[in-house]
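Taking it in order: structure first as structure tokens, then the write-up.
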Amino acid sequence: MYPLNINYDIAALFIFIPLIISHFQKKNLPIVQNKAILAFLIVAFAATVFDIVSSLIQMDSTNWTLWSVWLFNILCYIATNTLSYIYAIYCGSLVSFEDTISHKYNKIYKALIIIPFVLQMIIIFASVPSYYFFDKPLLFYIDASKNYHRGGIFFYINYGFVIYYTIVATTVLLKRRKDLKISTLLVVFCYIFFMILGVIIQLLVPNLLVQNFGICVAIVMFSAFIQKPEEFLEGVTNLYNQTAFIKMTRHYIKQNEKFLVISIILDDTLFISNAFGINQMNSFLKKVGQFLALTFPHSEQYHLSQGKFVLLFKEYNPRDIEKYIFELRARFHEPWVSDSLELKLYSRVCIVEVPKDSHTPEGIIDIIDMVCEDIRYKRSIVYARDIDTEYTKHTALIAHLLRNALTEKRFDVYYQPIYSAQKKRLIGAEALIRMKDEEGNFVSPEEFIPISERTGDILRIGQFVFESVCKTLSSIDIHKYGIEKIDINLSVAQCMQEILADQILTICEIHRIPSSVINMEITETAAAHTPDILLKNMNRLVKEGIELSLDDYGSGYSNMSYLLNLPFKMVKIDKYIVWSAFENKKAELALKATLEMIKKIGMTVLAEGVETEEQKKWLIKMGCDYLQGFYFAKGLPKDEFLELMLSQNNKKKAKDSEEELESI
């Protein structure tokens with residue numbers, strides 16, 4: 001009997017032990033990928049142990065029984081052959097293969113994985129009776145002297161199973177290669193290289209046991225380059241993050257599992273951050289995370305974003321929901337202490353039952369966001385069944401459209417003409433944002449503007465509108481078109497920016513636009529929210545010659561101090577005030593008094609919503625300087641607006657020339 005070199009197996013053994021310990025010490029997401037790598041580690045460790053024991057027996061079998069020799073060799077074959085099976089499962093889990101194919105193909109895929117494995121196990125276990133009863137070795141046999149002999153009718157077929165699983169795994173990876181990084185693919189294929197290299201060496205040099213060491217090296221590469229549990233952890237609380245939540249819920253939904261999602265929403269995170277600092281806020285978030293983990297250990301705990309926690313229960317009943325809510329409310333009723341600071345964290349609870357309330361991870365998150373942001377659901381406990389899900393879906397669709405509208409060029413700027421009562425002609429327009437959906441249909445600004453303010457897209461929209469207007473004005477001779485003023489709206493979010501004035505003036509300078517042509521419209525809401533920052537920006541803009549208007553006067557706070565303390569030059573009367581005054585005598589008197597007051601303090605007035613000749617004459621008589629509405633024109637695309645202005649200006653010039661000739 002030739003001596004066996006087990007040094008490589010022993011080295012692999014000492015590498016496997018810390019890898020297994022490290023795996024249990026990390027907070028691993030309970031997904032197939034992590035379960036597969038753990039199984040891979042344990043089975044590879046077992047295969048190495050059995051290989052060492054069977055090798056020691058082979059070198060000296062005097063103290064071993066014949067059946068124990070058979071047993072350890074069978075166990076060694078079982079473990080070694082199981083590795084290829086687990087490898088195929090692991091590769092499929094890397095691209096979530098089972099969760100992305102139909103139920104029919106899922107069954108076929110499972111059959112392609114399981115059936116060959118079962119056949120392998122049958123062949124291994126049948127090796128003993130086949131040898132003793134039929135004198136036909138299948139993979140290996142142990143003779144009467146307890147010597148191990150490899151070979152049999154299925155010996156090379158056994159390696160065929162290894163090749164089969166390698167092909168299946170490679171096919172799955174290549175089919176979904178776009179979902180993987182190149183580095184991940186290379187590391188996974190390294191396993192194949194080391195495995196094949198180990199098999200070849202062991203076939204050529206039977207006494208050199210290197211196969212398990214090659215597998216060990218491959219697993220070390222998996223752990224170092226692929227298995228990164230921190231990608232699924234939220235840094236502050238050490239709970240699972242939103243990426244992990246989406247991955248897990250998608251898997252559960254695909255498996256037709258029912259589960260309960262309880263979201264705990266903290267309302268005052270922004271206040272605490274501003275008042276006490278981000279470090280103090282993070283300390284409170286960490287304490288909330290620790291409470292959830294300790295109180296609900298049988299759940300999965302997530303922190304989706306700042307102050308939005310989630311508990312996921314896979315097994316529950318209606319009575320459990322009441323119990324969970326009671327425990328949460330009891331704790332949040334008490335103050336939280338961090339260092340020397342004691343605060344009461346105001347929270348709300350959102351209950352989502354899946355698949356009853358939602359069929360997608362994104363749908364669950366949309367419901368939670370809806371409860372978080374929509375004033376209609378500002379109450380302590382909200383059940384998803386009480387939420388207007390159709391509105392939620394529509395909101396989510398618009399949010400999706402907003403994210404891609406700029407890159408897909410679905411935003412456009414329209415112009416609604418403004419009429420001067422003194423000059424009796426159109427002198428400019430208000431720039432209006434328009435957006436189309438993916439099918440080319442217009443989406444109402446009343447729908448997408450409020451959502452864009454919540455998502456933060458309003459800043460990009462505001463900049464797009466201003467730059468578009470400046471590009472248009474710089475491409476024409478404004479005097480030729482008779483354009484004296486273009487009104488551009490500023491959102492609340494824009495007015496909160498300290499660099500607003502610098503941005504506006506820089507864009508004007510780049511496009512060489514005279515500042516006197518630009519009139520920035522600011523709503524009462526913006527004036528109420530950011531008085532200090534806004535005043536600083538307004539003074540800077542006025543100093544550079546840009547005019548400012550108070551937009552939609554009468555629709556919001558209607559605070560007189562805005563007119564007196566902020567440098568507005570014009571006030572735009574909201575169309576609903578105009579319509580009400582036209583129909584109601586008391587409202588007419590109130591509007592007349594308002595107009596007189598505005599004119600006395602030296603400001604001009606623009607009335608919105610003019611729809612008839614009668615309204616036009618009535619508003620001019622009331623003292624309005626400018627008019628705007630469908631009577632003159634609706635919002636027009638750039639080319640139509642410019643054509644209208646050019647035509648009007650040419651007619652005016654012709655009329656002026658005719659009057660001049662008549663006077664001569």
**Study point:** the range 531-649 - percent of accessible surface contributed by carbon and sulfur, probe 1.4 Å
**Key:** 53
Check your understanding: Once Lys and Arg get +1 and Asp and Glu get -1 on their Cβ, which of 311, 325, 259 lies farthest toward the positive end of the dipole of the range 247-330?
Key -> 259
Check your understanding: Rounded, prolate or oblate: which one fits the range 1-126, using the alpha carbon gyration tensor with axes a ≥ b ≥ c (rounded when a/c is under 1.5, else prolate when a/b beats b/c, else oblate)?
Key -> oblate
Study note, to complete from the structure: So, relative contact order of the range 559-664 in percent, Cα under 8 Å, 6 or more apart, is 22
Point to revise | Gyration tensor verdict on the range 282-354 (Cα atoms; rounded if a/c is under 1.5, prolate if a/b is larger than b/c, oblate otherwise) | key: prolate
Check your understanding: Taking the Cβ of residue 183 as the center, what net charge do the other residues with Cβ under 15 Å away carry, scoring Lys and Arg +1 and Asp and Glu -1?
Key -> +2
Revision key, fill the gap. By accessible area (1.4 Å), largest first, 339, 487 order as 339, 487
Review point. If we count GluC sites (Glu not before Pro) as exposed when they sit in a DSSP loop and have at most 15 other beta carbons within 10 Å, what is the longest stretch of the chain that avoids them all?
Key: 1-256
Practice item. Determine how large the accessible area of residue 625 is when every protein chain is in place; take a 1.4 Å probe and give Å² rounded to the nearest 10. Key: 40
Exercise for review: About the Cα centre of the chain, how large is the charge dipole given +1 on each Lys and Arg Cβ and -1 on each Asp and Glu Cβ? Please answer in debye to the nearest 20.
Suggested key: 1100
Practice item. Pull up the DSSP beta bridges for the chain and report the antiparallel fraction as a percent, rounded to 5. Key: 60
Exercise for review: Please determine, in degrees from 0 to 90 and to the nearest 10, the orientation of helix 182-204 with respect to the longest principal axis defined by the Cα atoms of the chain, where the helix direction is its Cα long axis.
Suggested key: 10
Exercise for review: With a 1.4 Å probe and every protein chain left in place, tell me how much accessible area residue 141 has, in Å² to the nearest 10.
Suggested key: 60
Exercise for review: Return a whole-number percent for the relative contact order of the range 374-466, with Cα pairs under 8 Å and 6 or more residues apart as the contact set.
Suggested key: 23
Revision key, fill the gap. Here, residue 359 and residue 621, labelled 7 Å along Cα→Cβ, have an inter-label distance in nm of 6.1
Check your understanding: Classify the range 184-239: rounded, prolate or oblate, from the alpha-carbon gyration tensor (a ≥ b ≥ c, eigenvalue square roots; a/c under 1.5 rounded; otherwise prolate if a/b is larger than b/c)?
Key -> prolate
Check your understanding: Tell me, what is the 1.4 Å probe accessible area of residue 298, in Å² to the nearest 10?
Key -> 120
Review point. At a 1.4 Å probe radius, carbon and sulfur cover how many percent of the accessible area of the range 206-270?
Key: 55
Point to revise | Solvent exposure ordering (accessible area, 1.4 Å, most first) of 75, 41 | key: 75, 41
Exercise for review: Could you look at the range 291-338 and say what percent of its accessible area is carbon and sulfur, using a 1.4 Å probe and all protein chains?
Suggested key: 54
Check your understanding: What is the ratio of the Cα radius of gyration of the range 228-314 to 2.2 N^0.38 Å, where N is its residue count, to two decimals?
Key -> 1.14
Review point. Using unit Cβ charges (K, R positive; D, E negative) and no other charged atoms, how large, in debye to the nearest 20, is the dipole of the range 578-661 about its Cα centre?
Key: 360
Point to revise | Sequence of 455, 604 when ordered by accessible area, the most exposed leading, probe 1.4 angstrom | key: 455, 604
Revision key, fill the gap. The size of the Cβ-based charge dipole (Lys, Arg +1; Asp, Glu -1) of the range 1-160 about the Cα centre, to the nearest 20 debye, is 500
Practice item. For the chain, find the longest principal axis of its Cα atoms and tell me its angle to the long axis of helix 638-663, 0 to 90°, nearest 10. Key: 10
Point to revise | Accessible area of the chain divided out per residue, in Å², using a probe of 1.4 angstrom | key: 50
Point to revise | Residues in the range 1-40 that a label on residue 201 would reach, taking backbone N under 17 Å of a point 7 Å out along Cα→Cβ | key: 4-16
Review point. Cα axis of helix 361-373 to longest principal axis of the chain: angle in degrees, 0 to 90, nearest 10?
Key: 40
Check your understanding: If one computes the Cα centroid of the range 122-152 and of the range 257-284, what distance in Å separates the two points?
Key -> 64
Exercise for review: Over the range 134-253, calculate the relative contact order: mean separation of alpha carbon pairs under 8 Å at least 6 apart, over the residue count, as a percent.
Suggested key: 14
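The values are calculated or read from the model by the stated rules, or taken from the named source; none is laboratory data. Note that the structure is a prediction, hence the values are computed from the model and not measured. As a convention, Cβ positions derive from the backbone with ideal geometry for all residues, glycine included, and neighbour counts pool all protein chains shown. Just the protein is used for accessible areas: all its heavy atoms, side chains included, with ligands, DNA and RNA removed. Shrake-Rupley method; radii C 1.70, N 1.55, O 1.52, S 1.80 Å.
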